[in-house]
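Here is the structure we will look at.
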Amino acid sequence: MKRNGHQCGKQRYRCLICNHSFIRHQRQSTSLSDFKAFSSFILGNKNRLQTAHDAQLSRKTLSKIFWQFFTHPLTPTAVNQVFPLVRTEAWVLALDGTWLRRQGVIMIYWNHTAGQCIAWSWETGETYFALASGLTRVIHEMSDQLPDGVVSDWKGSIVANVERYISAVPHQRCLAHVKRDIERLLPRHSPYPATLALRSIGFSLLSVKSMQEKKNWQLHLKAWQMIYGSVLTERSIPEVPTKTRRKWWYTHSNVRRAFRILTKDQDHLFQFLEHTGLPSTNNGLEGINSDLKIKLRNHRGMKAQQQFQFVSWYLTFKKVKKPADLKRLWDIWKHWK
């Protein structure tokens, strides 16, 4: 080995046998206090510069320390060994995904009954095979105990996997997601009475708490269809031929989509009325996702890979309830890396 010039102010070396060129990296030691600072950085609202100032370190030194934690996140299985999952006779599975700049999605699998995260994974998309792998992993983590219910946003791949692996359990469509879709499709200040009336019916879905209220809601939806049903089939024909082959299109396509959301698979909107313990929304998991999105926005300079590592540590540290728990995590991480 001999010296081989400099790059970016650092001495390079070259192997005389294979001609491999490299830079010597000084290994940065870490301690429990560094691990605590990293936990505060992940769960807190301070950026690296503020965290480095509090620790009386330079930002570069702090990044070197944190880099070792970022590159070696604990897997859900390892975390569940430190914090054993709460197992009850009946439990409900909630699952949802958080997208990272269209470069991938983080799937989170949540035990709604116990209020704890079971597992998470980074996938290129919410595909059938990715969710099949995640669902089988969740069932394995729960010692092959199938859930007594599922709550999801009703993505096609999720519905297909639930029907394949746990078809016997009730599958509730998250009403919070339904309301969000209605809000997106039907503007609040629309000039069309049909749009405003359907928006009001969609929002009132969250107020349904009994079978009688369900029947009343369905009657309101049928009344809307009788009054404004012609809007769903109204077509627009261009006066000037377009470059595409389309000769017509539905004038109120968003109204059609919103109406379809409220009518297709309607029984799955009200599964919570027939099964005790099954929630109507994914609000427990949505709270986690909402906080995650705020933190990722605050640290938006991170690349997708580091964002996933950030989320992994966030879900890990959320299980810490006391200082002794953090020490247990530190002990397993030292051997894990």
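The values are calculated or read from the model by the stated rules, or taken from the named source; none is laboratory data. Just so we're clear, the structure is a prediction, and the values are computed from it rather than from any experiment. Note that we place each Cβ from the backbone using ideal geometry, even for glycine, and neighbour counts take in every protein chain shown.
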Checklist entry - Out of the residues in the range 95-126 that are more than 27 Å from His299 (Cα to Cα) and either not β-branched (Val, Ile, Thr) or not assigned by TED's automatic domain parsing to the domain that holds Asp148 (or both), which is farthest from the chain's Cα centre (by Cα)? => result Ala114
Checklist outcome for this item: Restricting the range 299-330 to residues that are part of a helix (DSSP H, G or I) and loosely packed, with under 12 Cβ neighbours inside 10 Å, the one modelled with the lowest pLDDT turns out to be Pro323
Checklist outcome for this item: With criteria (1) of a type outside the set (Lys, Arg); (2) in the same structural domain as Lys264 (by TED's automatic domain parsing); (3) touching a residue at least 24 places away in the same chain (Cβ under 8 Å), Asp148 comes up short on (2)
Checklist outcome for this item: Those residues of the range 92-110 which are surrounded by fewer than 22 Cβ atoms within 10 Å (Cβ to Cβ) and over 15 Å from Val311 (Cα atoms) amount to Arg102
Next on the checklist: Among the residues of the range 164-183, are any part of a helix (DSSP H, G or I), in contact with a strand residue (DSSP E or B) (Cβ under 9 Å, 6 or more places away or on another chain) and surrounded by 16 or more Cβ atoms within 10 Å (Cβ to Cβ)?
Outcome noted: yes
Checklist entry - Can you name the residue in the range 184-202 that is part of a helix (DSSP H, G or I) and among the hydroxyl-bearing types (Ser, Thr, Tyr) and is also farthest from Met226 (Cα to Cα) among such residues? => result Ser200
Checklist outcome for this item: Screening Leu292, Leu273 for residues that are part of a helix (DSSP H, G or I) and touching a strand residue (DSSP E or B) at 6+ places or on another chain (Cβ under 9 Å) leaves only Leu292
Item to check | Where Ile227 falls short, out of the listed (1) in a loop (DSSP other than H, G, I, E, B); (2) loosely packed, with under 13 Cβ neighbours inside 10 Å; (3) not charged (D, E, K, R) | outcome: (1)
Checklist entry - Can you find even one residue in the range 147-159 that is over 25 Å from Ser290 (Cβ atoms) and in contact with a Leu (Cβ under 9 Å, 6 or more places away or on another chain)? => result yes
Next on the checklist: Any residue that is under 28 Å from Ala94 (Cβ atoms) and outside the structural domain of Lys155 (by TED's automatic domain parsing) - is there at least one of those in the range 223-246?
Outcome noted: no
Next on the checklist: Against the definition (outside the structural domain of Arg300 (by TED's automatic domain parsing), hydrophobic (A, V, I, L, M, F, W, C) and either under 30 Å from Phe41 (Cβ atoms) or in a helix (DSSP H, G or I) (or both)), how does Phe129 come out, yes or no?
Outcome noted: no
Checklist entry - So which residues in the range 130-154 are within 18 Å of Pro279 (Cβ to Cβ) and of a type outside the set (A, V, I, L, M, F, W, C), if there are any at all? => result Pro147, Asp148, Gly149, Ser152, Asp153
Checklist entry - Hey, any hits in the range 75-91 for a residue that's buried (at least 17 other Cβ atoms within 10 Å of the Cβ), within 19 Å of the chain's Cα centre (by Cα), assigned by TED's automatic domain parsing to the domain that holds Gly287 and not in a helix (DSSP H, G or I)? => result no
Checklist outcome for this item: Taking the range 197-256 and the residues there that are free of Cβ contacts under 8 Å to residues at least 12 places away in the same chain and small (Gly, Ala, Ser), the one that is farthest from Gln271 (Cα to Cα) would be Ser230
Item to check | Extreme residue, nearest to Gly97 (Cα to Cα), among residues of the range 184-198 that are surrounded by fewer than 19 Cβ atoms within 10 Å (Cβ to Cβ) and not charged (D, E, K, R) | outcome: Pro187
